[in-house]
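Asker: Before I ask anything, let me first share the structure, which is written out below as structure tokens.
Please treat every number below as a calculation from the coordinates, not as lab data. Since we're looking at a predicted model, the values are computed, not measured. As a convention, Cβ positions derive from the backbone with ideal geometry for all residues, glycine included, and neighbour counts pool all protein chains shown.
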Amino acid sequence: MSQNQLSADQILEIAVESLEDVKGDNITVLNVSELTDMMDFMVICTGTSKRHVNSLGQNVVEHAKSKGLQPLGSEGRDMGSEWVLVDLYDVVVHVMTEEARSFYDLEKLWDIKPEQR
């Protein structure tokens, strides 16, 4: 199955499942389809440590690939980063430590009411 065969909602479900599988905390989905043409959804998740953040990002990539979806790109993995980004076309996943999430506050930056999962 390629990206063209998956809807944004299906890709979102893949992303959220993969974060839940590795115990991602405070998974938040922002519907940004009315604000940008670059993506439909932004998923933000908190990891408990840099290692957990990396594991969450890695699981998103592996889970997507297992469903036939090759991620467009990924940043911050395998670097001991506090923030990992995975681009799944219509869905962009941000995994951050609590400190990074508080500092960047993407929910406020996009200024929309998040949907809690």
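Asker: Multiplying the sequence separation of S66 and S33 by 0.36 nm and subtracting their Cα-Cα distance, what value in nm do you get?
Answerer: Numbers: separation 33, 0.36 × 33 = 11.88 nm, distance 2.60 nm.
Gain on stretching S66 to S33: 9.3 nm.
Asker: At 222 nm, what value in deg cm²/dmol follows for the chain if DSSP H runs of at least 4 each add -39500 (n - 2.57) and the sum is divided by all its residues, to the nearest 500? If you can, show how the numbers build up before the last one.
Answerer: Numbers: 4 runs with 43 residues, N = 117.
The helix contribution divided over the chain gives -11000 deg cm²/dmol.
Asker: Along the charge dipole of the chain, Cβ charges K/R +1 and D/E -1, which of V91, T48, S7 sits furthest on the positive end?
Answerer: Of the options given, the answer is T48.
Asker: What distance in nm separates the simple spin-label points at E99 and D9, each placed 7 Å from Cα in the Cβ direction?
Answerer: 4.0 nm
Asker: May I ask you to compute the full-extension gain from D111 to R51, defined as 0.36 nm times their residue separation minus their alpha-carbon distance, rounded to one decimal in nm?
Answerer: 18.7 nm
Asker: Related question: With an 8 Å cut-off on Cα pairs and a minimum separation of 6 or more residues, tell me the relative contact order of the chain in percent.
Answerer: Working: 217 pairs, mean separation 35.5, N = 117.
Once normalised by length, the contact order is 30 percent.
Asker: Pick the calculated P(r) over Cα pairs in 10 Å bins from 0, in percent for this structure from [x] 14, 47, 32, 6, 0; [y] 13, 37, 22, 17, 10, 2, 0; [z] 15, 51, 31, 3?
Answerer: Of the labelled values, this structure produces [z].
Asker: Go through 83-90, 18-25 and give me the packing order, highest mean Cβ count within 10 Å leading.
Answerer: Working: 83-90: 21.0, 18-25: 18.0.
Listed from highest to lowest mean packing, they are 83-90, 18-25.
Asker: Rounded to the nearest 20 Debye, what is the dipole magnitude of the chain about its Cα centre when Lys and Arg each give +1 and Asp and Glu each give -1 at the C-beta? Present the calculation step by step, with values, prior to reporting the outcome.
Answerer: Numbers: 10 positive and 21 negative charges, 71 e Å.
It works out to roughly 340 debye.
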